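Engineer: One structure coming up, written as structure tokens, with questions to follow.
The values are calculated or read from the model by the stated rules, or taken from the named source; none is laboratory data. All figures in this text were calculated on a predicted structure; none of them were measured in a lab. Don't worry about glycine lacking a Cβ; one is built from the backbone with ideal geometry, like all the others, and counts go over all protein chains shown. All accessible areas refer to the heavy atoms of the entire protein, side chains included, with ligands and DNA or RNA removed. Shrake-Rupley method; radii C 1.70, N 1.55, O 1.52, S 1.80 Å.
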Number of protein chains: 2
Amino acid sequence: MTISVAHLGPAGTYAEMAAVAFSKKLSQFGQKSILCPYTSIAQTLWAVSQEQVNLAVVPVENSIEGSVTITLDKLWQLDILEIQTALVLPISHGLISLAKSFEEIKIVYSHPQALAQCQGWLEKFLPQVKQSPANSTTEALEHLEQDYSIAAIASQRAAELYKLPILAYPINDYPDNCTRFWVLKKGCTEMGNSALKLIIDTIDQPGNLVFTSLGFTVPANEPGALVKPLQVFAKRKINMSRIESRPTKLSLGDYLFFIDIEANSNHNYVKAAIEELKTYTQTLKIFGSYILMTIS
Amino acid sequence: MTISVAHLGPAGTYAEMAAVAFSKKLSQFGQKSILCPYTSIAQTLWAVSQEQVNLAVVPVENSIEGSVTITLDKLWQLDILEIQTALVLPISHGLISLAKSFEEIKIVYSHPQALAQCQGWLEKFLPQVKQSPANSTTEALEHLEQDYSIAAIASQRAAELYKLPILAYPINDYPDNCTRFWVLKKGCTEMGNSALKLIIDTIDQPGNLVFTSLGFTVPANEPGALVKPLQVFAKRKINMSRIESRPTKLSLGDYLFFIDIEANSNHNYVKAAIEELKTYTQTLKIFGSYILMTIS
């Protein structure tokens, strides 16, 4: 069986780079896979929830710009996706343009996250240039065509794929720029004794740091309502590596919380913590336990 | 003295609507003000930090799409801004186009937050239409010109200002859509015995709910590091109405936290809480105490 892997396309996006790296990992285990580009993160997640594909690779968090909120919101709403593994990809942006010098450039296009990550560089070297958002870093390249007054911010790989010149590289403001992706599958599906399972099984190897992601709501307007769930982990010395609040979309000031803990939900002390957590939360969802792979 | 108020422009943005409402409030107290549009939220905040203007009105949170992260990041980085008051504005989007019917529309432009807030409506009524991001809802209107195949999502007020037809209204997916704005000034500046001071002084009127906003960092990789700061308020029965994490931008997994508490930092029990908070945090910043005004 060939595993199909959905990602935000077209080819050349950072999501595709993460999917390619994951695909290589699968092939090391003798597992074939094909990549399936989608035009939005929402559609990528919808595809895996509808079993159009086996897996989806989606960005969840960037070290500079923070959460990719559409990923968190859809994970909560679709309610049937399970995190298989996390991937960390270093991000390095280039200024891509047919212009011969910075002076020719009038507009620079990119995904809003990429524009934000290069804000300092743009203010310094292209202060008069209009910044225009695009749906993806690769889509930004479509604006270049034969127009020398336009630039785009995208990866080195995208420039190579589309045979476009890089005018400056790297241009991100912070050197330690990376994005964490999740590989997700539909919760109830089984992919048998595949390479995927072999990768997932590394979760049980000693020394591997395992993360569990959860989402929950707490009673509103109650002092300490959030403290109690967090204490459940603190008193067991379970480190919480991340907390993110998102609006419930019901009314302003009404939130749900996403947390990552450094622990495996299969272990008994974690199961006990989750049982106790249920007493302090209104809705509780467990999105899976997984390891983190760094892509070099 | 006329007070100058910076906001994201051009005229017709929701930020301008909030600034207009605040300006009206000032005039009720006999205070004149002028509005100064800027092309980005970052520039709006920069302007007030440099004393180019007296005040800035910036969005901080939407009930559907969550935090406006650039506002939080700049508040932390600039480190000299003080929250004067909070404004809540109801948000109602319209589909604006010269097209006679939905069938003619090929592309819809808007600010990414506005596109996200109408995602369900767009999928239902304009499923084949390409969605393209713009820097503001008003900027999206520039694409219309004489092209009947283009639509934009913006406010009813923007449509009136630019004399453009509304094809559908309201089109937001959630009826209770509103945005909270902050009115900010440079911390050390005094605007004398102005109407602004009169408004601010309402903070001490009994019955007014007062909020205080703070930002802090905690030691990394320490189980319970976030629980201790939150307990400081919980044990004093101070309700925390919001918590938001943002990357420190130093490395992935390193965060700073923004919280809003329902309490006035001038009161002694709150001062004591803040003193205790200092023992659990690495950096602590107090962004001000203020009341919340709802714009109808």
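Engineer: How many of the residues making up the range B:218-232 are within 7 Å of chain A (Cβ to nearest Cβ) and either more than 16 Å from A:Ile261 (Cβ to Cβ) or open to solvent by 40 Å² or more (accessible area, probe 1.4 Å) (or both)?
Structural biologist: The qualifying residues number 4.
Engineer: Given the conditions (1) away from chain A (no Cβ under 11 Å); (2) surrounded by fewer than 20 Cβ atoms within 10 Å (Cβ to Cβ); (3) closer than 24 Å to B:Ser289 by Cα; (4) modelled with pLDDT of 95 or more, and given that B:Asp79 satisfies all but one, which numbered condition is not satisfied?
Structural biologist: In the conditions (1) away from chain A (no Cβ under 11 Å); (2) surrounded by fewer than 20 Cβ atoms within 10 Å (Cβ to Cβ); (3) closer than 24 Å to B:Ser289 by Cα; (4) modelled with pLDDT of 95 or more, B:Asp79 misses (4) alone.
Engineer: To continue, here is another question. Does the range B:6-29 contain at least one residue that is within 17 Å of the chain's Cα centre (by Cα) and on the phi > 0 side of the Ramachandran plot?
Structural biologist: Scanning the range B:6-29, I find at least one residue that is within 17 Å of the chain's Cα centre (by Cα) and on the phi > 0 side of the Ramachandran plot, so the answer is yes.
Engineer: If you go through the range B:36-49 one residue at a time, do you hit one that is more than 14 Å from chain A (Cβ to nearest Cβ), open to solvent by 40 Å² or more (accessible area, probe 1.4 Å) and part of a helix (DSSP H, G or I)? Walk me through how you get there before you give the answer.
Structural biologist: First, the residues of the range B:36-49 that are more than 14 Å from chain A (Cβ to nearest Cβ): B:36-37, B:44, B:47-49.
Pick out the ones that are also open to solvent by 40 Å² or more (accessible area, probe 1.4 Å) and you get B:37.
With the extra rule that they be part of a helix (DSSP H, G or I), the set shrinks to none.
No - not one qualifying residue is present in the range B:36-49.
Engineer: Let me ask something additional. Can you tell me which residue is farthest from the other protein chains (Cβ to nearest Cβ) among those in the range A:59-76 that are over 9 Å from the mean Cα position of the chain (by Cα) and of a type outside the set (A, V, I, L, M)?
Structural biologist: A:Trp76
Engineer: Moving to a separate point now. Report every pair of residues separated by at least 6 positions or lying on different chains whose Cβ atoms are under 7 Å apart, first residue within the range A:270-281 and touching a residue at least 24 places away in the same chain (Cβ under 8 Å), second among the basic types (Lys, Arg).
Structural biologist: Listed by first residue and then by second, the contacts come to A:Ala273/A:Arg236; A:Tyr280/A:Lys228.
Engineer: Out of the range A:248-295, which residues are open to solvent by 60 Å² or more (accessible area, probe 1.4 Å), away from chain B (no Cβ under 12 Å) and not β-branched (Val, Ile, Thr)?
Structural biologist: A:Asn266, A:His267, A:Asn268, A:Tyr269, A:Lys271, A:Glu275, A:Lys278, A:Tyr280, A:Gln282
Engineer: Continuing with this model, one more query. Filter the strands (runs of 3 or more DSSP E) completely within the range B:65-175 down to those with at least 1 residues that are closer than 22 Å to B:Gln43 by Cα.
Structural biologist: Details: elements: B:81-90, B:93-97, B:107-110, B:130-133, B:150-155, B:166-168.
Strands (runs of 3 or more DSSP E) meeting the threshold: B:81-90, B:107-110, B:130-133, B:150-155.
Engineer: Can you name the condition, by its number, that A:Ala56 falls short on among (1) away from chain B (no Cβ under 14 Å); (2) open to solvent by 10 Å² or more (accessible area, probe 1.4 Å)?
Structural biologist: Just one mismatch for A:Ala56, condition (2).
Engineer: In the range A:127-166, how many residues are open to solvent by less than 50 Å² (accessible area, probe 1.4 Å) and either farther than 16 Å from A:Pro59 by Cβ or touching a Ser or Thr at 6+ places or on another chain (Cβ under 8 Å) (or both)?
Structural biologist: Looking only at that region, the number is 21.
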